[in-house]
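Structure first, commentary second.
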Amino acid sequence: MPTGKVKWYDAEKGFGFLSQESGADVYVRADALPDGAALKAGTRVEFGIAQGRRGDQALNVRVLDAPASVSRNQAAARRKKPDELATITEDAIRLLDAMGESYRHGRHPERQAARQTAKVLRALADQLEL
């Protein structure tokens, strides 16, 4: 049976992709998982493969190694200091204000500005979740 890692998996939608150690990515649906299994990116798995309408599809997925979860102490060590978070928050507000101004003038923001804003918002969201 082939082995690989979970590339990504959306539990709400019930599907994702596995990356094989040797070969192309494989589509995986929730019904191929063992009862109660939750896949996270980086989890090592073993699986069968069947040819689906749109390519290879995983069957009978078996979890080999789940990635180590982050403990509270490790998360706290990664948490930024309040003054650093204040700067990130202020940057996010400035970027969002500029983006809102573009929308008010009937145009979408430039791609570079949108990417920069998304990057700052992701960094802020990651810190809020710790």
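Where a number appears in this text, it was derived from the coordinates with a stated rule and is not lab data. Values in this document were obtained by computation on a predicted structure and should not be read as measured data. FYI the Cβ positions are ideal-geometry reconstructions off the backbone, even for glycines, and counts take in every protein chain you see.
Remarks
- Sites listed here are trypsin sites (Lys or Arg not before Pro) in region 1-42 whose DSSP assignment is loop and whose Cβ has at most 15 other Cβ atoms within 10 Å: Lys13, Lys40.
- Estimated dipole of region 3-65 in Debye, rounded to 20 [Cβ of Lys and Arg +1, of Asp and Glu -1, Cα centre]: 120 debye
- Of Lys7/Lys81; Lys5/Lys40; Lys81/Lys119, those spanning more than 21 Å from alpha-carbon to alpha-carbon: Lys7/Lys81
- Helix content alone sets the calculated 222 nm mean residue ellipticity of the chain: runs of n ≥ 4 DSSP H residues at -39500 (n - 2.57) each, divided across all residues, give -12500 deg cm²/dmol.
- Across the chain, the relative contact order, built from alpha-carbon pairs under 8 Å that are at least six residues apart, equals 17 percent.
- Calculated from the structure at hand, log10 I(q)/I(0) by the Debye sum over Cα atoms at q = 0.09, 0.14, 0.17 Å⁻¹ is found among (i) -0.45, -0.82, -0.90; (ii) -0.37, -0.73, -0.89; (iii) -0.59, -0.91, -1.00 as (i).
- For the pair region 1-42 and region 83-112, the centres of their Cα atoms are 36 angstrom apart.
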